[in-house]
1. Check off (1) outside any loop (DSSP other than H, G, I, E, B); (2) modelled with pLDDT under 75; (3) polar (S, T, N, Q) for T109 and give me the number that stays unchecked.
2. Exactly one condition in (1) of a type in the set (A, V, I, L, M, F, W, C); (2) at pLDDT 85 or above; (3) in a strand (DSSP E or B) is false for F206; which is it?
3. Scanning for something aliphatic (A, V, I, L, M), out of contact with any helix residue (DSSP H, G or I) (no Cβ under 7 Å at 6 or more places or on another chain) and surrounded by 10 or more Cβ atoms within 10 Å (Cβ to Cβ), does the stretch 153-162 turn up at least one residue?
4. What is the residue count in the stretch 24-56 for residues that are of a type in the set (S, T, N, Q), outside any helix (DSSP H, G or I) and either within 23 Å of A70 (Cα to Cα) or at pLDDT below 90 (or both)?
5. In the stretch 25-50, what residues are closer than 21 Å to V119 by Cα and crowded, with 16+ Cβ neighbours inside 10 Å?
6. So is W53 farther than 30 Å from S115 by Cα and aromatic (F, W, Y) or not?
Amino acid sequence: MSAIRQDAWTEEDDLILAEVTLRNIREGSTQLMAFEEVGERIGRTAAACGFRWNSYVRKKYETAIQIAKAQRQKRSHIKKGTASVPVLSSVAVMEPADALLSKPEGFGTGEEGISIDSVIRYLRHLKGAFQELTRQTKLMEREILDNRDELLRLREENGRLGKQVNHVETDYRVVNDDYKALLQIMDRARKLAFLSEEDEEAKARFKMDANGNLERIE
């Protein structure tokens with residue numbers, strides 16, 4: 001599959017990258033092989049996957065990486081027949097991104113191995129963090145619903161104001177047209193009055209002299 005994607009990384013992409021990389025660490029494989037596998041699955045280059053892992057994703061899975069490395073050591077011991085250890089792949093893959101699920105105190109991953117008590121404490125830690133994340137998710141969902149209702153209200157208000165603006169613009173055009181027509185009428189009336197005055201002045205005037213004859217007055 002051609003790796004041609006140039007879009008932003010999604011949470012699902014990061015989760016796939018973390019899951020495959022952690023699995024390769026546990027199984028003793030190389031990270032390069034993990035990046036190539038992820039690239040095939042999500043349509044990106046192995047280099048892009050490696051850059052994303054080292055620059056962003058790896059920092060959110062420090063505890064899971066330590067667990068995976070410890071499991072790799074135990075797997076190696078099992079092959080040599082010197083030790084046995086329970087598989088904790090589900091715990092490693094579920095390592096969350098936030099500090100809520102950071103490594104709890106007393107969770108041992110040293111040479112002495114992982115104790116059952118440590119695993120139980122870690123699982124309880126995960127449970128509490130999951131409950132907190134669930135609560136935060138519900139709060140965010142409620143906020144999204146409130147924002148959606150507010151958005152719908154604002155859209156309705158915007159539509160109503162838009163109609164009012166259209167009505168005002170229509171009224172303005174009508175008033176403006178009437179005003180222009182009134183100015184034209186007044187201008188014609190003024191011109192007609194001026195012409196009438198000129199006609200009156202242009203009419204000849206006569207008066208009767210002492211002999212009874214009409215005499216034109218200039």
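1. Going through the list (1) outside any loop (DSSP other than H, G, I, E, B); (2) modelled with pLDDT under 75; (3) polar (S, T, N, Q), T109 breaks only (1).
2. (2) is the only condition that F206 fails.
3. Within the stretch 153-162, the first condition is being aliphatic (A, V, I, L, M), and the residues that meet it are 154, 161.
Imposing the further condition that a residue be out of contact with any helix residue (DSSP H, G or I) (no Cβ under 7 Å at 6 or more places or on another chain) reduces the set to 154, 161.
In the following step, the residues that additionally are surrounded by 10 or more Cβ atoms within 10 Å (Cβ to Cβ) were identified as 154, 161.
Yes; the residues of the stretch 153-162 include at least one that is aliphatic (A, V, I, L, M), out of contact with any helix residue (DSSP H, G or I) (no Cβ under 7 Å at 6 or more places or on another chain) and surrounded by 10 or more Cβ atoms within 10 Å (Cβ to Cβ).
4. 2
5. We begin by selecting, within the stretch 25-50, every residue closer than 21 Å to V119 by Cα; these are 25-27.
Residues satisfying the conditions are I25, R26.
6. No; evaluated as a whole, the condition is false for this residue.
The values are calculated or read from the model by the stated rules, or taken from the named source; none is laboratory data. These figures come from a predicted structure and were not determined experimentally. Cβ sites come from the backbone with ideal geometry, for glycine too, and all protein chains shown count toward neighbours.
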